[in-house]
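Reviewing the structure listed below.
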2 protein chains.
Amino acid sequence: MRGDVGGTSPFFLREEPIMAEFMDIVRGRRSVRKYEDREVPAEALSAILEAVRWAPSWANTQCWEIVVVRDRAIKEQLQAALPPKGNPAYGAIVQAPVVVALCGRLRSSGYYKDQVTTKFGDWFMFDLGIACQTLCLTACALGLATVVVGLFDHEKARAVLRVPQGHELVALIPLGYPAKISSAPSRREITEFTHQDTF
Amino acid sequence: MRGDVGGTSPFFLREEPIMAEFMDIVRGRRSVRKYEDREVPAEALSAILEAVRWAPSWANTQCWEIVVVRDRAIKEQLQAALPPKGNPAYGAIVQAPVVVALCGRLRSSGYYKDQVTTKFGDWFMFDLGIACQTLCLTACALGLATVVVGLFDHEKARAVLRVPQGHELVALIPLGYPAKISSAPSRREITEFTHQDTF
């Protein structure tokens, strides 16, 4: 039996899976650190935000908040929060036409009636990871590219973006058309991270 | 200029974006709690694990470990780690043909030379979120469904799966063909979570 699925469900619309193209996106996504000098169209940014909107989250808490940074002066202030050495995305923060700052609302995901419900405490990092990959894959499907930057002075960057109390800035994500796409870093084989029935 | 991208990059293969179908998957994914009595084909599971393999992670640490549970007795033991009330996925843990247990290796993501590098400490929850959404979207593209279960006694469940020291079990994800697909819970509008240049 199939339930009520609305007009957009892949369960209902298709007989054939669209796996080949979907896997092209998953496998073709790269962390890109050089961008073309070309704006991100408003329609593309809207599609990316629309995709994030549909990300799942703990009890549908939707704990993400997104700051879209286009202002060059602010991008330069964010860059100053990165270590100049040791972060290969240092240049990209200013060079990319857009930097998406991914923030999370605290004390909602993983909570029930203001009490933590699991040993992991605030679950927002997990939900932001979900939102992050939704964003990166959608960008890739549009021919855009991203790189997820997590290594920076979070307090300094959150002050630049005026992130309010009760929220955290977690990742800065340069977004634009890729100028240089590196080959993929190697990955473990499936058998190296998969276990049957017990670990 | 376009770099070396290999045979699978969407940047290279396509002139036209494949956004319509991709967005169908993102928007059509639902948390499903009733499954058909039908096995998950080995090829489908392989494709899902292959997709996870290509998820990005902190400095390519690939901190995920996955336990594929098909054994009914083990699923029943996992179910006993869930609160019988208050978790709508209680039945799904046993009813779904497969439960994917998503685990993380500690002290790698977010670390450099065995030292934490950000205020968030161990970054594995973020990376597992990325892996989780990669898994759920790929399942959806295959016509399969999932639900992410995070509310359970993690110590009890990790003992069932014999998850070793230095790792954490984070989420249990029933996987199978959907028998009943609920309508989507409401979402905030883009304007409600998006900010320009500063929060």
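Below, the figures for the structure above:
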item: Checklist (1) at the interface with chain A (Cβ under 10 Å from one of its Cβ atoms); (2) more than 30 Å from A:N87 (Cβ to Cβ); (3) surrounded by 20 or more Cβ atoms within 10 Å (Cβ to Cβ) applied to B:Y35, failing item; result: (1)
item: Of the criteria (1) more than 7 Å from every other protein chain (Cβ to nearest Cβ); (2) surrounded by fewer than 24 Cβ atoms within 10 Å (Cβ to Cβ); (3) of a type in the set (S, T, N, Q); (4) touching a residue at least 24 places away in the same chain (Cβ under 8 Å), which one B:Q165 fails; result: (4)
item: Hey, A:G143 more than 15 Å from the chain's Cα centre (by Cα), facing chain B (nearest Cβ under 7 Å) and on the phi > 0 side of the Ramachandran plot or not; result: yes
item: Residue within the stretch B:182-198 that is outside any helix (DSSP H, G or I), farther than 30 Å from A:A42 by Cα and among the charged types (D, E, K, R) present; result: no
item: Boolean, B:V98 is more than 7 Å from chain A (Cβ to nearest Cβ), surrounded by 15 or more Cβ atoms within 10 Å (Cβ to Cβ), closer than 27 Å to A:M19 by Cβ and not aromatic (F, W, Y); result: yes
item: Of all residues in the stretch A:156-181 being touching a Phe, Trp or Tyr at 6+ places or on another chain (Cβ under 8 Å) and assigned to a loop (DSSP other than H, G, I, E, B), the one that is nearest to A:P83 (Cα to Cα); result: A:L161
item: Test: B:H154 is in contact with a Lys or Arg (Cβ under 7 Å, 6 or more places away or on another chain) and at the interface with chain A (Cβ under 7 Å from one of its Cβ atoms); result: yes
item: Sole residue being over 27 Å from B:L137 (Cα atoms) and at pLDDT 95 or above, chosen from A:A171, A:A139, A:A101, A:A157; result: A:A157
item: Search result, residues across the stretch B:28-47 that are part of a helix (DSSP H, G or I) and either in contact with a Gly (Cβ under 7 Å, 6 or more places away or on another chain) or in contact (Cβ under 8 Å) with a residue 24 or more places away in the chain (or both); result: B:G28, B:A44, B:L45, B:A47
item: All positions within the stretch A:53-89 that are facing chain B (nearest Cβ under 7 Å), basic (K, R) and buried (at least 19 other Cβ atoms within 10 Å of the Cβ); result: A:R53
item: Top-ranked residue in the stretch A:101-124 [being of a type in the set (D, E, K, R) and closer than 23 Å to A:V52 by Cα; ranked as most open to solvent (accessible area, probe 1.4 Å)]; result: A:R107
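The values are calculated or read from the model by the stated rules, or taken from the named source; none is laboratory data. Because the structure is predicted, anything quoted here is derived from the model rather than measured. In this analysis, Cβ positions are derived from the backbone assuming ideal geometry, glycine residues included, and neighbour counts consider all displayed protein chains. In case anyone asks, the SASA skips ligands and DNA or RNA and just uses the protein heavy atoms, side chains included. Shrake-Rupley method; radii C 1.70, N 1.55, O 1.52, S 1.80 Å.
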